[in-house]
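Novice: So that we are looking at the same thing, I have put the structure below in structure tokens.
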């Protein structure tokens, strides 16, 4: 029976690496996959899912206008071997798109694996994450740690000097130069965070 998965973590925990490993496992067994990544994530290139350890794959892009159910349904009519849909940066999904992906699972019997963050740099939930947490069959936490050794659950945005950023657009693509995974204690204590970042 197909299921709907949400793999979540703080930044830099290996979500994309896990996605690419899952996708490889399907392909190794002769199964076809359909990958999606946000159109505005062009850190390596548009339409490319890339991990920090150097793995990458081409993917279809999505923005808020994409109807995932129609897209997957149309793809399935062309390829009978489609066995799994994988979505990188799932926190950028809209509520209706999470519902569309749920329909892919329930009506087309294709597993959907989504990967993303729970919250933004202010500790606020993303729209996509809110509904993935509510509607996915399986929730899987991918763990990483804060500099203090505790489990990191927050995403701290920093400026070029290591200062915590408290305002700005919710969506700002970046990697280690812009985001640091933190435990709640250090996320809520920016003075200590600044000292730790510099040292």
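The values are calculated or read from the model by the stated rules, or taken from the named source; none is laboratory data. What you are looking at is a predicted structure, and each value in this text was computed from that prediction instead of being measured. Quick reminder, even Gly has a Cβ in these numbers, built from the backbone with ideal geometry, and neighbours come from all protein chains shown.
Novice: Check residue 34 against each of (1) farther than 30 Å from residue 123 by Cβ; (2) in contact with a helix residue (DSSP H, G or I) (Cβ under 7 Å, 6 or more places away or on another chain); (3) part of a helix (DSSP H, G or I) and name the one condition it does not meet.
Specialist: Here residue 34 clears every test but (3).
Novice: OK, next. Scanning for something in a loop (DSSP other than H, G, I, E, B) and closer than 16 Å to residue 2 by Cβ, does region 111-122 turn up at least one residue? Please lay out each step first, then the result.
Specialist: Going residue by residue through region 111-122, those that are in a loop (DSSP other than H, G, I, E, B) are 111, 117-118, 120-122.
Among the residues that remain, those that are also closer than 16 Å to residue 2 by Cβ are: 111.
Checked region 111-122: at least one residue is in a loop (DSSP other than H, G, I, E, B) and closer than 16 Å to residue 2 by Cβ.
Novice: Out of all the residues in region 124-138, which are touching a residue at least 24 places away in the same chain (Cβ under 8 Å), surrounded by 14 or more Cβ atoms within 10 Å (Cβ to Cβ) and touching a strand residue (DSSP E or B) at 6+ places or on another chain (Cβ under 9 Å)?
Specialist: 126, 128, 129, 132, 133, 135, 136, 137
Novice: Do the conditions hold for residue 52, that is, is it farther than 21 Å from residue 136 by Cα, over 18 Å from the mean Cα position of the chain (by Cα) and modelled with pLDDT under 95?
Specialist: The answer is no for residue 52.
Novice: Out of everything in region 142-154 that is touching a residue at least 40 places away in the same chain (Cβ under 8 Å), out of contact with any helix residue (DSSP H, G or I) (no Cβ under 8 Å at 6 or more places or on another chain) and surrounded by 14 or more Cβ atoms within 10 Å (Cβ to Cβ), what residue ends up being farthest from residue 1 (Cα to Cα)?
Specialist: That would be 152.
Novice: Another question about this same structure. Given the options 161, 169, name the one that is modelled with pLDDT under 90 and over 23 Å from residue 52 (Cα atoms). Talk me through it step by step, then tell me what you get.
Specialist: Working: 161 fails: over 23 Å from residue 52 (Cα atoms).
169 is the lone residue from the list that is modelled with pLDDT under 90 and over 23 Å from residue 52 (Cα atoms).
Novice: Just name the residue that is surrounded by the fewest Cβ atoms within 10 Å (Cβ to Cβ) out of those in region 104-122 that are more than 15 Å from the chain's Cα centre (by Cα) and closer than 25 Å to residue 21 by Cβ. Talk me through it step by step, then tell me what you get.
Specialist: Of all residues in region 104-122, those more than 15 Å from the chain's Cα centre (by Cα) come to 104-111, 122.
Narrowing the set further to residues that are closer than 25 Å to residue 21 by Cβ leaves 104-105, 108-111.
Values: 104: 22, 105: 20, 108: 15, 109: 10, 110: 20, 111: 20.
Per the stated criteria, the residue is 109.
Novice: Ok, one more. Just checking, does region 107-119 include any residue being out of contact with any helix residue (DSSP H, G or I) (no Cβ under 9 Å at 6 or more places or on another chain) and either without any contact (Cβ under 8 Å) to a residue 40 or more places away in the chain or under 18 Å from residue 9 (Cα atoms) (or both)?
Specialist: No, there is no match, as no residue in region 107-119 is out of contact with any helix residue (DSSP H, G or I) (no Cβ under 9 Å at 6 or more places or on another chain) and either without any contact (Cβ under 8 Å) to a residue 40 or more places away in the chain or under 18 Å from residue 9 (Cα atoms) (or both).
Novice: Counting just the residues of region 10-49 that are at positive phi and in contact with a strand residue (DSSP E or B) (Cβ under 6 Å, 6 or more places away or on another chain), which one comes out modelled with the highest pLDDT?
Specialist: 12
Novice: Okay, moving on. Which condition breaks for residue 51 when tested against (1) touching a helix residue (DSSP H, G or I) at 6+ places or on another chain (Cβ under 7 Å); (2) touching a residue at least 40 places away in the same chain (Cβ under 8 Å)?
Specialist: Only one criterion in (1) touching a helix residue (DSSP H, G or I) at 6+ places or on another chain (Cβ under 7 Å); (2) touching a residue at least 40 places away in the same chain (Cβ under 8 Å) is unmet by residue 51, namely (2).
Novice: Okay, moving on. Looking at region 54-80, which of its residues are over 26 Å from residue 109 (Cβ atoms) and without any contact (Cβ under 8 Å) to a residue 12 or more places away in the chain?
Specialist: Residue satisfying the conditions is 54 alone.
Novice: Let me ask another. What number of residues in region 73-103 are surrounded by 23 or more Cβ atoms within 10 Å (Cβ to Cβ) and not in a loop (DSSP other than H, G, I, E, B)?
Specialist: Residues that pass the stated criteria total 9.
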